[in-house]
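Data block below; observations after.
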Amino acid sequence: MTPVYKRILLKLSGEALMGAQNYGIDVQDGENVAKELRTVHEMGVEVAIVVGGGNIFRGVSESAGNMNRAAADYIGMLATIMNGVVLQDALEKVGIQTRVMSAIDIPQLAEPFIRRRAIRHLEKQRVVIFAAGTGNPYFTTDSAAALRALEIEADVIMKATKVDGVYTSDPVKDKSATRFNNISFRDVLEKRLNVMDASAISLCMDNNLPIMVFNMRQSGNIVKAVCGDLSIGTLVANAAA
């Protein structure tokens, strides 16, 4: 299989590291992700990752209670740093040099995010993990993924989820829901399909950055997604086929 992208940004939810638990980190899940990414890395693809923190704390959730939204969001950013360090450890155990870059200054665990340095790491075949979102409250990790992908001039955002693409409606609730192979950004916004938040979709649409949505939990799907296999997901772009 031949990759169709040279540089990707993988958007991982915190839940991807949760395993069968209801909360927290399953180290085995991190190791499974690392093994998949090793295959992609060995194909010569430059890999950056934005990881969420929903497995530990989410600012807009019941766990946040009546906390101030900004304070809750900062706690969520710290959770993404924890997940980033877990991923770094897993990747380095399979022989991949990795750098965690944080939008919040925390030098004991991560480098500060500097665009040119991030690109240089990628050029040196290091996997770069972007943590702490954008460093600002009220912005989701979806928005952080779109922003970082544009800053590093990624070819595509790989949105890893628990479903195999974008559907006409929620496939869990609606058994008649059908999956799109391709869909335009405009249709995603107009139909209010749950791909990424509206600000992230708009940012990608305005800058012509495609999004590949696929099921992360199926072994081998990251490799297939990088090789442009639309049978395992949905491509969201400005010109939907």
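Looking across region 183-211, the residues that are under 15 Å from the mean Cα position of the chain (by Cα), of a type outside the set (Asp, Glu) and in a loop (DSSP other than H, G, I, E, B) come down to 194, 195, 196, 209, 210.
Considering 202, 169, the condition of being open to solvent by less than 60 Å² (accessible area, probe 1.4 Å), modelled with pLDDT of 95 or more, farther than 26 Å from residue 121 by Cβ and among the polar types (S, T, N, Q) is satisfied by 202 alone. Could you identify the single residue in 142, 155, 164 that is touching a residue at least 40 places away in the same chain (Cβ under 8 Å), open to solvent by 30 Å² or more (accessible area, probe 1.4 Å), under 17 Å from residue 209 (Cβ atoms) and not hydroxyl-bearing (Ser, Thr, Tyr)? Only one candidate passes the filter, namely 155.
Pairing each residue of region 22-47 that is free of Cβ contacts under 8 Å to residues at least 24 places away in the same chain with any residue that is assigned to a helix (DSSP H, G or I), provided the two are 6+ apart or on different chains, yields C-beta distances under 6 Å for 29/17. Selection of region 222-234 for residues being open to solvent by 10 Å² or more (accessible area, probe 1.4 Å), part of a helix (DSSP H, G or I) and under 18 Å from residue 49 (Cα atoms) yields 223, 224.
For beta carbons closer than 6 Å, sequence separation of 6+ or different chains, a first residue in region 199-211 that is within 17 Å of residue 5 (Cα to Cα) and a second that is of a type in the set (S, T, N, Q) and surrounded by fewer than 22 Cβ atoms within 10 Å (Cβ to Cβ), the qualifying pairs are 208/238.
The values are calculated or read from the model by the stated rules, or taken from the named source; none is laboratory data. Keep in mind the model is a prediction, meaning the values are calculated, not measured. Reconstructed Cβ throughout: ideal geometry from the backbone, glycine too, with neighbour counts over all protein chains shown. For accessibility, only protein heavy atoms count, side chains too; no ligands or nucleic acids. Shrake-Rupley method; radii C 1.70, N 1.55, O 1.52, S 1.80 Å.
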